[in-house]
Each structure stands twice: as C-alpha cells, then as structure tokens.
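Chemist: Okay, handing you the structure first.
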There are 2 protein chains.
Amino acid sequence: MGAAKRGRRGRRREALESSVSQQSNHPVSGANYRAPVNPYPPIEILSEDQLNSIHEASLKVIEETGMRILYDEGREIFRQAGAEVNDETMMVKIDRGLLMESVAKAPSKIELEYRNPERNNAIGKGHVVFSAVGGAPNVSDIDNGKRPGTLEDFKNFLKLSQSFDIVHMVGGAPEPIDIDTSIRHLLVTQADVTLTDKFPHVYARGQGSIDDALEIIRIANGVTNEQFRQNVYCNTVVNTNSPLQLDVPMTQGIVEFAKAGQLTIITPFTLSGAMAPVTISGALVLQNLEALVGIALAQIVRPGAPVAYGGFTSNVDMKSGSPAFGTPEYTKAAFASGQLARFYNVPWRSSNVNASNAPDAQSAYESEMALWGALMGGANLIKHGAGWLEGGLTASYEKYIIDIEIMQMFAEVFHPFTVTVEDLALEAIKDVGPGGHFFGTQHTMERYKTAFYDPLVSDWQNYGSWTEGGSKDSAQRANAIYKQILNDYVQPQMDQARIDEIQQYVDRRTREGGVQML
Amino acid sequence: MGAAKRGRRGRRREALESSVSQQSNHPVSGANYRAPVNPYPPIEILSEDQLNSIHEASLKVIEETGMRILYDEGREIFRQAGAEVNDETMMVKIDRGLLMESVAKAPSKIELEYRNPERNNAIGKGHVVFSAVGGAPNVSDIDNGKRPGTLEDFKNFLKLSQSFDIVHMVGGAPEPIDIDTSIRHLLVTQADVTLTDKFPHVYARGQGSIDDALEIIRIANGVTNEQFRQNVYCNTVVNTNSPLQLDVPMTQGIVEFAKAGQLTIITPFTLSGAMAPVTISGALVLQNLEALVGIALAQIVRPGAPVAYGGFTSNVDMKSGSPAFGTPEYTKAAFASGQLARFYNVPWRSSNVNASNAPDAQSAYESEMALWGALMGGANLIKHGAGWLEGGLTASYEKYIIDIEIMQMFAEVFHPFTVTVEDLALEAIKDVGPGGHFFGTQHTMERYKTAFYDPLVSDWQNYGSWTEGGSKDSAQRANAIYKQILNDYVQPQMDQARIDEIQQYVDRRTREGGVQML
C-alpha cells in the first residue's frame, strides 16, 4: 500500500514534525483513552480465609493498640463518634462496630467532574484513571541529568499531561523548589487549572493552602460553593505516617477534603522491612488498618465522602535499607490490596513505580511489574502513571514519554477485539490460499488504518535503518518526543473572566503573604 | 543489621566476584525456579460464543479449503487416516470427525525427562517451562554490536543457560554460522548435552539431522532406543508456513518426532496483516486451524504423541510491513490462544518477544507485555525466554541477563506469600508501636535473609552512589554480569563413557560427511 513506501523513518519524522500529540490523542484503534474500563476479572492471590485473617488482624490492632493521631480535631471527631481516645498518648482505639459502620458509608464508585466535561470519567467498578507523577522534588532528562524542580519544569509536566488523553489527573511534580513555600500552592494550582483541563491534585499541607487550592479550583470550574461541595473536582493523597500514625497535615487533609466533598486517597506508606513488618502479610495488615482508620475518619466527618483505598506496600533491600518498587513482592501485595479494597467495596488506588536511576530496561520492567499487578489486580486509579523515576525522587521527562506508551498499551489491552463473521476473515483466508499473503487483499485494505495500536516511542525499523538513524535507544527517542510535545502544546480554553478571577485571587493572597507552611 | 553496613555496591561487587550464578541458582525466597507452577486462574478475553466461532471457522477452512502439505509421507498419512488428499495441488482436507478425534488423543500434560533427573519438570496443567532464545542467526553485545553467530557464541549461550535454574530448555541460538550446515547439527547437539544438563532443542531440518540429534541425546541420557521412545527427552518447534502450508522439513519434523515420542511444538507464524488476516480474530482462525492440523498429524502417527499448541500471533506495522512483538494486539492474541489451547486440552506454548534493536526500555516493556499476556493467559512453555532481541534476528547477551531477572521475578510472583499467625506480625506491630520502625525487631531478624527476591540486574542504590559507580544503566550492568557468569561457569557432570560415545558418534558422522541439508 502507498503508505508503506514512506517507510518507518519518514513517517516518524513526519509525525514528529506535525503533531505527535494529536496522533496520541486519537487512538487509531478505537480504544478509549479518556475513560478506560478494564474488562478483565481481577487476579486474586488471597483465599477467602486469608483475606479474612488480614481483615480480622487489622480490626484487632485498631481495637487493642489503636492509631496515634496528632491532629486534635481528628481525635475529637473520633471521640464524638464513640472511639476511645487518649489525648496524652494521642492514641485512638476504634471498636469494629464503629469502624465498619463508618467504612460501609464510603461510595464504591466516584464520578469525577472536569472543567472540560468531555473528560468526565470515574473511578471504581472497572473504571480506571491514570495520574502523572507526583511528589518528586527533582526533575531529570538525559541532556542535563538530575536537578531540583522549578516552576518551569512543573509547568512543562502539566503541558505534557495536557497533551495525552491517557493522562487524566495532573500529578503535582516536580516540586517547584524555586518558589517560596508560602505561595507555591497558589502558583501550582493556578498552573494546574489554566495549563490543563485535567483533574487537579492538591497537596494536604495545612488548612490555609487547602482553602486556597480549593477556591482556585472552584473558580476554574465556574461553580458556586454549594455546587462545589456536591461534586468531585479534585483529589489529595494522604500518606499515613506508618506505622500506626497520622500527622497533623495528613489528618487535616482527610477532614477538610471530606468536608468539601473532594476525593481523598488514603495511602499508607508501608515498606515491608522498614516501616512495616518484613512479611507481606504483616505489611498488608498495617496498610489495611491504617487505610481503614483514614476512610472511617472521612466517613464520620461526612457520610459518603469520596475516598479511595491506597495500597503502596513494597519492600526494602534488606542489605542496604534502600526502598524497592516493582518487585515481585510489590506485585503480589498489589493483587492482595485489590482484594482488600473490593472487600470493603471502595475504589482502589495503586501506582506505576520503579527504583531505577535511569529510564532504562530496569525502569521499564519494574514499572510493568507494578502496573500489571495493579491493573490485573483491578486497580481503579494509578498514581505516578507517567514520569516517576528513582523511587519517586525524580520526575523524568523521558520516563514520562515511555510511560505514556505503556499506559496507552494498557488502554489497548482493555479494548477487546471483535469476533464478527467479517473479523473471522474466512473469505480472505480462502482467497489468499496456501503460501500467499494478506497485504493487498480487500479485507486488509478496508481495515489496515485502524487495525493496530500506533506506537509513540517503540521503533520497529530494521537494524540497518535504525543504525543509519543514529542507533537511538528508547530513552533518546523519548527525549526528542518530549521536546516536540512541549513545542506543539496548545493551552486549553478557559473563559477570560475565570482566568482573571484566578489571577486576582492569586495576586491578593500573594500580597497577603500566602500561608505559613507547617 | 551488619550486612547493611557494606552497602549495595560492596555487596554487588562481592556477589559478582564470588558467584552470581550460585546466587541466582538458589532463590532466597523459597520460590521454585526449577519447576515453576502458576497458581493463578488464566485471564480470558473470549466469551464462550467467541471461542466457539473461532473453533467453528477453523474447522470450516480445514474441511473446505484444507492445508497444503508438501511432504509426500505427510499427505499419505492423512490419506490412510481418511482425509481427502489431492497429490497434484498437495491440498489435504480433513473432516471435523477425523480432526477432532485425532486432536483429542494429545496429552494435556507432558512430563519432561532431563539427563539430570533433579531437573525433571512438566508442561501443562499449571506447570511452566522457560526456554532460552532460539532461531536467531546473529548475536550481539553492547561492546561489539551485532554480528553473525559462531559456535563459540552458541556455546556461551549454553553456558549462560546452564547457570540459571530458571532456564529449563536450551534455545538453539545464536546459529553457529561458522560451522558448515552438513555437520552443524552434530556439534550443536553435542554442545547442548555436554555443556548443559537442560532440556535439549532440535531443529527439524530433515530426516538425517533429526536422526543424528536424537541419537546423541539418547546416548547422553544413557537409555536404550526403547526407553528413549517411551519418555520425552527433547523438543522441536514446527513453524507452519502460514498461510495454510506445511513444507517438507516441518512436516517431517512432526512425523519423526511423533514416531520417536519426542515433543513437537506446533507454532503457526501468523503475523496479522502479512501472513494472516489483519483482524486478530482472523489471524487466530488461521493460527488455530494450522495448529490443529499439525497436532492431528502427530496423533495419527502415534496416538498420545507429546505436542504443544504454539501461539505466535502478532501484528505488523501496516505502514512499513515491519513485524512487531509485545504489542497490545500480541497480548490480546496470547490471552485468546491460551483459551484455545485449553479448549483442546493441550499444553500451550507462548514466547518472550520484542522488536527493539537495543536492550533498552522498549525491549523490556514489549517483553513484559508478551510475558504477562502469556503467563496470565496460562502459558505452559515460554520459548525465547531469555536473549531474544530485534524481532528474533539477534541473540543479545545483555537481554539474556535482563530476561533472567524478569523470568525469576515471574517465578517469585508464582510463589504465594503465606498468611500464618506469625506472618500477620501482630506482636511486632504492637511492639514497634506508632512511628517506630521494624528494622531491628526479632520478627524482622528471624526472616530478613529470605524475605524478598534478591535481584540480579536491578540496582536500588541511591542516585549518588549510582553516579559514583559510573551511572551504569541496566544494559551496562547486564554486560558485566554475563561476562562474570561465563567466567564462573561450571560444566555439569557426565559419565566419561557417554562423553566418549558422543564424541565417537560425532567423529564418525563427520567423517561420513554429515548430512545434506535441505
């Protein structure tokens, strides 16, 4: 066919020169990148008895040992609800009746509202949402290596996220270290909502910064305070301070987000062998009980508050203490975490993680082990979907692009092929006959343009063409692609009135000195 | 703990200096690398109706169009059994009664006999076996790039295969191009059985070379002709010449291996869009019908002959015609192929494949997409498990080592964690308390040495230590590891009498001129 004559290189260059982002925003296969739904029943690693053992053990610790909650209001909420609270030790013990009654109020599926309603999707019940990397203080690319994140880098990652439909949520990384912490949340949230029309992320770093961020997001969505409280427009991640502890900003995050009706993802950071027991079962008990306490708190504050069960159980290298991600233990803990979240009938959040220092084969196979564990385990929300490197200390431009490819491939795997009479191709098989080929047949010509996933990074040239083109490996190709995507970036539309109102808010709060960070 | 003080680099160097192979041959976690069993129920992508549609379409083509079989004896066997054979067109049409009656005689599980009985394992019914790369005419490493394979390279790959328990079958690559084809099979098989005690692979390249290879393998196992026929000591792969064709050596391979009671893996090479329809369903129909004809032939020759259903359906880049592997279409076709093989109650062979030209992130994520499709689809035999690169044109030393890591990780994922009272760690969680850590606890000390998978290639050092160590990516680390493994290689024991008998056989057949290759 005609297109074949141009060859892979010609096509690649052409694609890069015109619009890679357009290409990737429109899957040729018909797969749904905006609202992927996983059609496969989840893999289960725990028997019913084993699941029950972890559940029972979790309740036992919550009842007998309890969790230390450093935020006075958090303890007071539990006390009012009937929990046993000791203000001296700050320990909160919750009986199973109160705990499970509260957890049962959490919704099993959460509809997400975007400022661009064409992007609306959901988490829970098979719906899967991908987020960009969060939490990383550093940024890297293969040109300049690793350095502290800046607001410019932060904005670049937003532009990348805006350019790919498979990224549904902004991540919050790299951290713009060049901006003072008193006003960082203002500029970050302003950038989130103006440079993208994706689902915003808010760090739970104290009351003042949460209030500012929610207000900016409310303005961006053009809704009243009352409307804002009735729908889910943004999310925060609460990492419990494992073991058995919730600090002030994290507890405040749960309370404030529940009050505002916004999504809290409660993710215990249970590294087996360090902050959690060296056994996967023991680490899961700790993860589970900490998640349950957080979920219960949100439900006591506001019954039906949108929450997700976060599973992050991984292991450390027991010889060096280094954290590891995308290990076999991580995969198995992911399968189990999915079962636990479904046992409590809440959406489950997992991650795309690895511990590599470079966007190399290790980064890819660890990411794949994490993602398959998550997605075949039935995860509904994948944090750090694109760009996480070095155990989360760095947001990598090249890994971002490689991860887009991987996430798009999952969306394609979720998109089943059809088995109609025409698909079965009996006439074509008969016509082509023994030893023939299908290239030029009508059956092929009618379908070839949309038959297969069209890759972003993968290079399928033969070795000769590849070496002629400079023997570029996937990291080098990803480097060129991220620059082209930034070059092609188009800012999504927003009413000028909202843009101005956000700017005025940011200016005023900046003049007021922003917030005193904890 | 004491070991932590040495740090990752110290440990890595020490491990490399002493014996990486020993480390890898003994999984610390207790996972079974020698005879892995997949505990997970397979993922199913086809509904019962869809499965039936593909089955029915396959039978229809076999009945109405048939398959062209170039080998006279092959057609004669089908004719004797009652098939409709046309010697002019060489077409063989088989009615569904004869076909399904024959396929039903194939065993669902096959016990594999090794010359070292400690390695005995099986394929089918959850049992999984991994093979090294086969078929590649070239070899590569990052020092010297790509070049034609030599006998020395071939032997090196055998030495690597001998050094890792997770490799169960030798692969047959790279092809030793420096050895004349008349005697190549002699030297190759001699090397297979003397440099390893793994399961040997034989190329189906005509009667004479098959006879020679089986005789050398028989001698190596120290069994009589009669004993050899009663157990399974080696395997061959038969790629049908898609579409709808079986050439002389391939058909002869099926016939001779069935007669000898040895394992034939019948793998149609159905690249969707090229040798197979552009629809995955259509490609699966072609794959399925070709596999069924091959399986039926083996069962007619010898009822109960050991066979596996090979699935290799992938797609091409429709713009360049380049084959692609580890694509989303490949993953989905793998899930479906597993269902088809189980429908016929025969073991299923899949592969670890990718189309990258370098041992980079692409090679890893494509391999993972292929392996997860295969293993979560219930595959029993993974060909090209270690070392395949560049769409199978090259056997890569570095990819071999990276693949060992990946396969070991799968064996670990297959090894479920336990959920005993001690595993649940309630005492440890209580003792450590809020904000503590588990590093020094008795619960940890008793278990840390065997708690987690100990990686071969993955580097979990922090960025500073990693850059101090030269910023080596996973391909560079794999390069150092493969050299160390070759350096540490220990030849497995064999009775001197057998060694001599094999040498005498090879010498005699060489003097006789070997075989005239087809």
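Since every read-out is calculated from the coordinates, none of them should be taken as a lab result. In this text the structure is predicted, and so the values were computed from the model without any measurement. So basically every Cβ, Gly included, is an ideal-geometry build from the backbone, and we count neighbours across all protein chains shown.
Chemist: Could you work out the relative contact order of chain B, using alpha carbon pairs under 8 angstrom and six or more residues apart, expressed as a whole percent?
Modeler: Value for chain B: 21 percent.
Chemist: Please compute, over every Cα-Cα pair in the range B:227-330, the percentage with a separation greater than 19 angstrom.
Modeler: In whole percent, the share of Cα-Cα pairs in the range B:227-330 beyond 19 Å is 43.
Chemist: To check my understanding: the extent here is largest minus smallest coordinate of the Cα atoms along each principal axis. What are those three numbers for the range A:25-141, in Å, largest first?
Modeler: Largest to smallest, the principal-axis extents are 60, 38, 33 Å.
Chemist: Using only Cα atoms and rounding to the nearest 10 degrees, what angle (0 to 90) does helix B:280-301 make with the longest principal axis of chain B?
Modeler: It is inclined by approximately 70 degrees.
Chemist: Moving on. So what is the orientation-averaged projected area of the protein assembly as shown, using the convex hull of its C-alpha atoms, in nm²?
Modeler: Projected over every direction and averaged, the Cα hull of the protein assembly as shown covers 40.0 nm².
Chemist: Rounded to the nearest 20 debye, what is the charge dipole size of the protein assembly as shown about its Cα centre when +1 sits on each Lys and Arg Cβ and -1 on each Asp and Glu Cβ?
Modeler: Its charge dipole is roughly 360 debye.
Chemist: Using only C-alpha positions, report the orientation-averaged shadow area of the convex hull of the range A:311-457, nm², one decimal.
Modeler: Mean projected area for the range A:311-457: 12.4 nm², to one decimal.
Chemist: Considering the Cα trace of the range A:86-163, what is its radius of gyration and what is Dmax, both in angstroms?
Modeler: Here Rg and the maximum Cα pair distance are 20.4, 57 Å.
Chemist: Could you give the distance between the Cα centres of the range A:451-518 and the range B:366-390, to the whole Å?
Modeler: About 33 Å separates the Cα centre of the range A:451-518 from the one of the range B:366-390.
Chemist: Work through the residues other than B:ARG498 whose Cβ is under 13 Å from its Cβ and net out their charges, Lys, Arg +1 and Asp, Glu -1.
Modeler: Charge balance in the 13 Å sphere: -3.
Chemist: Still on this structure, please answer the following. For chain A, what value does the Rg/Rh ratio take when both radii are computed over Cα atoms and Rh is the Kirkwood radius, given to two decimals?
Modeler: Across chain A, the Cα-based Rg/Rh ratio is 1.00.
Chemist: Additional query: Rg/Rh for the range B:374-438 to two decimals, with Rh computed the Kirkwood way over all alpha-carbon pairs.
Modeler: Expressed as Rg/Rh, it is 1.28.
Chemist: Measure off 7 Å from each Cα along the Cα-to-Cβ vector at A:ILE499 and A:ARG96, then give the distance between these two points in nanometres to one decimal.
Modeler: Taking the two extended label points, one gets 5.8 nm.
Chemist: Same structure, new question: Select from the range B:383-466 those GluC sites (Glu not before Pro) which occupy a DSSP coil region and have at most 16 other Cβ atoms within 10 Å, ordered by residue number.
Modeler: Sparse-neighbourhood loop GluC sites (Glu not before Pro): B:GLU446.
Chemist: Which of the listed residues, A:PRO174, A:PHE269, A:SER209, is farthest toward the dipole's positive end in the range A:174-279, when Lys, Arg count +1 and Asp, Glu count -1 at the beta-carbon?
Modeler: A:PHE269
Chemist: A follow-up question, please. Give me P(r) over the range A:154-226, computed from all C-alpha to C-alpha distances, binned every 5 Å, as integer percentages.
Modeler: Each 5 Å bin holds this share of Cα pairs: 3, 16, 29, 25, 18, 7, 2, 0.
Chemist: Ok, one more. Only Lys, Arg, Asp and Glu count, each charged at its Cβ (+1, +1, -1, -1), so figure out the dipole size of the range B:371-518 about its Cα centre, rounded to 20 debye.
Modeler: Dipole about the Cα centre, nearest 20: 420 debye.
Chemist: Restricting attention to the range A:461-518, which GluC sites (Glu not before Pro) occupy a DSSP loop and are surrounded by at most 15 other Cβ atoms within 10 Å?
Modeler: Answer in residue order: A:GLU512.
Chemist: Where the centroid of each part is defined by its Cα atoms, how far is the range B:103-163 from the range B:266-313 in Å?
Modeler: Value for the Cα centre distance between the two parts: 21 Å.
Chemist: Next question. On a 0 to 90 degree scale, rounded to 10, what angle separates helix A:72-81 from the longest Cα axis of chain A?
Modeler: 80 degrees
Chemist: I need the shape label for the range A:26-71. Rule: rounded when a/c is under 1.5, else prolate if a/b > b/c, else oblate, with a, b, c from the alpha carbon gyration tensor.
Modeler: Cα axes put the range A:26-71 in the oblate bin.
Chemist: Compute the acute angle (0 to 90°) between the alpha-carbon long axis of helix B:151-163 and the principal axis of greatest extent of the alpha-carbon atoms of chain B; round to the nearest 10°.
Modeler: The two axes meet at around 60 degrees.
Chemist: Then there is this: Compute the distance in nm between two label points, each set 7 Å from the Cα along the Cα-to-Cβ direction, one at A:ASN52 and one at A:VAL28.
Modeler: 5.3 nm
Chemist: So what's the net charge close to A:LYS60: Lys and Arg +1, Asp and Glu -1, counting the other residues with Cβ under 10 Å from its Cβ?
Modeler: With Lys, Arg at +1 and Asp, Glu at -1, the net is -1.
Chemist: While we're on this one: Where a ≥ b ≥ c are the square roots of the eigenvalues of the C-alpha gyration tensor, would you call the range B:128-269 rounded, which needs a/c under 1.5, or, failing that, prolate if a/b is larger than b/c, or oblate?
Modeler: Judged from the Cα gyration tensor, the range B:128-269 comes out oblate (a/c at least 1.5, b/c at or above a/b).
Chemist: Taking each label point as 7 Å beyond Cα in the direction of the beta carbon, state the distances from A:ARG511 to the same residue in the other copies, shortest first, in nm.
Modeler: Spacings between copies for this position, smallest first, are 10.5 nm.
Chemist: Sticking with this one: Using a 7 Å offset from Cα along the direction of the beta-carbon, what are the separations from B:GLY208 to the same position in each other copy, nm, ascending?
Modeler: 9.0
Chemist: Let me ask you something else. From the alpha carbon gyration tensor of the range A:126-182, can you work out the equivalent ellipsoid semi-axes (sqrt of 5 times each eigenvalue) and give them in Å, largest to smallest?
Modeler: Taking √(5λ) for each Cα gyration eigenvalue gives 22, 13, 10 Å.
Chemist: Quick one: net charge around A:LEU371, please, counting Lys, Arg +1 and Asp, Glu -1 for every other residue with C-beta under 15 Å from its C-beta.
Modeler: -3
Chemist: Using every Cα-Cα pair within the range B:270-315, state what percent have a distance larger than 12 Å.
Modeler: Of all Cα-Cα distances in the range B:270-315, 58 percent exceed 12 Å.
Chemist: Report Rg(Cα)/(2.2 N^0.38 Å) for the range A:385-493, keeping two decimals.
Modeler: Computed over Cα atoms of the range A:385-493, the ratio equals 1.47.
Chemist: Give, as ranges by residue number, the residues of the range B:281-311 whose backbone N falls under 15 Å from the point 7 Å along Cα→Cβ of B:PHE343.
Modeler: Residues B:281-293, B:309-311 fall inside that zone.
Chemist: How many nanometers, to one decimal and shortest first, lie between the label point of A:GLY464 and those of its other copies, if labels sit 7 Å from Cα toward Cβ?
Modeler: Going from nearest to farthest copy, the values are 5.1 nm.
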